[in-house]
Structures are given as C-alpha cells and as structure tokens.
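Colleague: Below is one structure. I have some questions about it.
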Amino acid sequence: MFLKKVLSFAIIAVMLFLLFSCANESEDKSAAVVTVNGEIVTQAEVDYFKGKFRAELINEYIEKYKIEYTEDFWQTEFDGKTPEEALNERALEESIMVKIQFVLMREEGIYDDITFEGLYKKAETFNAENADKQGVVGIKSIKMSQFYTYYFQNGVLELKNIYAEEKLAPTQEEIDAKIKEITAQHIDGVNTQDYESVARDQLKTEKYDLYIEQLRKNAEIKDV
C-alpha cells in the first residue's frame, strides 16, 4: 500500500510538471519578471525553479495539512495562501538568490554570459562537442533539464575557492576558534593534524553563505 501511494504521487508529480510545461509554452520565457540590482530575472528562470520545487511543495502540503492531492489543490487556500502562490514565491526567491551569485561569477571571470539562454546554449555546445569523443575525462554530457543548476553549483564551488583566498579569507583568530569548536565536537575520522584543514573548509562555506545572505538583504529588487 505504501509503495502504491509513493508511485501514485510520483506519477501525479510528473503529470503536473508536463501539464505545467505545456501550459506555459505560449508565454514569453525571455520576459523580465524582476530586476536584481539592475540585472534581469526572466520568466524562464522562475519557471525552471517552479519545475524543480513543484513536487517537493506538493509533498510538503500533503504531510503538513494531511490532505490528498485534488484538481483544485493549487487554488485552495491554506493559512491564507494558495500552493500556487507559495510555489511562485519560492521559485522567484530562488531565482533572485541564484542571479546574485551568477553576477559574482561573471565578475570573477567564471562565466562570460550568465543569462538563462546563454547558459542553455553553453550546455548544448558542450554536449555537441563531446558527443562522439572517446575517453573523455570527467563529465561527458550535461542533462538539459538540469543545466542551470549544473552551472550554478560548479560556479559556487569556484567562487568559494576564490573568495577563501581573497575577500573572505579567514583570519588566524577565526581559524583557531573554529579548531576549538571542532575539537569540542570530537568529530569522528578527524585527526588532530587535520583540524586546520577542516576548519578552513567549514569557514569557507560559512563565510560565503553569510556574505550572500548580506548581499540578498541589500539587493535592490524591482518588479518589471
């Protein structure tokens, strides 16, 4: 019975995604939704994250409100807000956060073109160039349904490394404090001589996350 429910939910989620995609085919995907510090966030970017979050949000509502999925689910209010409104808000906020970081990647020379369309074409070119290659080291193709996330995640890794050596480089005081914290936690598999390496790794992520959080708070968001 449990497996049946899981499979039913999975089928519903896939059908919803396909229906949602078809329903939006006529929309202008390149249309600007908002600007972030003057940088455009398009409908295509928001729709990308709506597709990623859709099944997740359905599951959250089913668990939180103890409901079953119905045809009017997206227009039914829960605590004063419909799931459709919640999905739009979540996707838009994620689009804004990602755009802020893509701008930083462009500033650091990680990517020249950070537009949704530009990154899509970049993935297509990569796949075409590697289609017939043998013995390719590393990834051979990028899933087009995940291209935006792929370039974002890889870009963030590069940004963290760059910032950890420059503007967000930890002070010795911060490193010592983090080593003390790690020592107190008695983390399994961490030798004493590895404490500084682990400390630097944790600080790299913590300082980066705080930096992005501050940029988001100060970002100028304008509806278009």
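Colleague: Inspect the stretch 165-182 for any residue being open to solvent by less than 40 Å² (accessible area, probe 1.4 Å), in contact with a helix residue (DSSP H, G or I) (Cβ under 7 Å, 6 or more places away or on another chain), at pLDDT 90 or above and not in a helix (DSSP H, G or I) and give the result as yes or no.
Modeller: Yes, the stretch 165-182 contains a residue that is open to solvent by less than 40 Å² (accessible area, probe 1.4 Å), in contact with a helix residue (DSSP H, G or I) (Cβ under 7 Å, 6 or more places away or on another chain), at pLDDT 90 or above and not in a helix (DSSP H, G or I).
Colleague: I've got another one for you. Hey, any hits in the stretch 196-208 for a residue that's open to solvent by 70 Å² or more (accessible area, probe 1.4 Å), in a helix (DSSP H, G or I), within 30 Å of residue 41 (Cβ to Cβ) and out of contact with any Ser or Thr (no Cβ under 6 Å at 6 or more places or on another chain)?
Modeller: The answer is yes, given that some residue of the stretch 196-208 is open to solvent by 70 Å² or more (accessible area, probe 1.4 Å), in a helix (DSSP H, G or I), within 30 Å of residue 41 (Cβ to Cβ) and out of contact with any Ser or Thr (no Cβ under 6 Å at 6 or more places or on another chain).
Colleague: Okay, next question. Take the stretch 111-136 and flag every residue that is touching a helix residue (DSSP H, G or I) at 6+ places or on another chain (Cβ under 9 Å), open to solvent by less than 60 Å² (accessible area, probe 1.4 Å) and under 20 Å from residue 42 (Cβ atoms).
Modeller: Across the stretch 111-136, the qualifying residues are 111, 114, 116, 119, 123.
Colleague: Checking the conditions here, which among 91, 55 is of a type in the set (A, V, I, L, M), in a helix (DSSP H, G or I) and surrounded by fewer than 17 Cβ atoms within 10 Å (Cβ to Cβ)?
Modeller: Just one listed residue meets the conditions, 55.
The values are calculated or read from the model by the stated rules, or taken from the named source; none is laboratory data. These numbers were taken from a predicted model, which means no experiment stands behind them. Reconstructed Cβ throughout: ideal geometry from the backbone, glycine too, with neighbour counts over all protein chains shown. Note: areas computed on protein heavy atoms with side chains; ligands, DNA, RNA excluded. Shrake-Rupley method; radii C 1.70, N 1.55, O 1.52, S 1.80 Å.
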